[in-house]
Amino acid sequence: MRSRLAFVLFLLHLAFPALADKPLAPDLIAGTTRVSAEQALELILANPKLAVIDSRHAEEFAKGHIEGAINLLDTDTSPETLARHVSGKDAPMLLYCNGEHCLRSSNAAKIAVKAGYKKVYWFRGGWAEWIEKKMPVAK
């Protein structure tokens, strides 16, 4: 019986390798303020000048995103691209991607902090939390 269970687990590991070693986004990023879905919505509603940056792929963004978000992959994020979308180093920005198993928004947040942005809000739960909590979706 034990060998049968071990064999089944081995087959599952082979069949679903993506589930085995999915990296987790860090809990905190120095220089950012981590927010929940509810806090992200409060920020959006309270600050019409908030730059909301969706770090997911364009195909994912097209299926749904936070209203007013701009699509900017972490690999395209630089001080120059941020300057095009964020009005200044003291202007607030909110970054998100797919959730805690996605590193794109954490990478983008680190780039923003290193570039000198002071009001960087990071939504670690990202799209997964946004959908789970039934927040408003734009397409």
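The values are calculated or read from the model by the stated rules, or taken from the named source; none is laboratory data. Owing to the predicted nature of the structure, the values given are computational and were not obtained by experimental measurement. Don't worry about glycine lacking a Cβ; one is built from the backbone with ideal geometry, like all the others, and counts go over all protein chains shown. Ligands, DNA and RNA are excluded from the accessible area calculation, which covers all protein heavy atoms including side chains. Shrake-Rupley method; radii C 1.70, N 1.55, O 1.52, S 1.80 Å.
I'd like the full set of residues that are open to solvent by 60 Å² or more (accessible area, probe 1.4 Å), of a type in the set (A, V, I, L, M, F, W, C) and under 22 Å from Gly125 (Cα atoms), limited to region 45-95.
Leu45, Ala46, Ala62
Can you tell me which residues in region 99-111 are of a type in the set (A, V, I, L, M, F, W, C) and touching a residue at least 60 places away in the same chain (Cβ under 8 Å)? It would help to see each step written out before you state the result.
We begin by selecting, within region 99-111, every residue of a type in the set (A, V, I, L, M, F, W, C); these are 102-103, 108-109, 111.
Residues satisfying the conditions are Cys102, Leu103, Ala109.
Hey, any hits in region 28-43 for a residue that's modelled with pLDDT under 95 and closer than 27 Å to Pro79 by Cβ? Break it down into steps so the answer makes sense when it comes.
Step one: of region 28-43, the residues modelled with pLDDT under 95 are 28.
Pick out the ones that are also closer than 27 Å to Pro79 by Cβ and you get 28.
Yes - at least one qualifying residue is present in region 28-43.
With the checklist (1) touching a helix residue (DSSP H, G or I) at 6+ places or on another chain (Cβ under 8 Å); (2) at negative phi in hand, flag the one item Gly68 doesn't pass.
Condition (2) is where Gly68 drops out.
Could you list all residues from region 110-122 that are surrounded by fewer than 17 Cβ atoms within 10 Å (Cβ to Cβ), of a type outside the set (A, V, I, L, M, F, W, C) and over 17 Å from Asn47 (Cα atoms)?
Those that are surrounded by fewer than 17 Cβ atoms within 10 Å (Cβ to Cβ), of a type outside the set (A, V, I, L, M, F, W, C) and over 17 Å from Asn47 (Cα atoms): Lys114, Gly116.
Here is a list: Asn98, Asn107. Which entry is touching a helix residue (DSSP H, G or I) at 6+ places or on another chain (Cβ under 7 Å), open to solvent by 20 Å² or more (accessible area, probe 1.4 Å) and part of a loop (DSSP other than H, G, I, E, B)?
After ruling out the rest, the residue left standing is Asn98.
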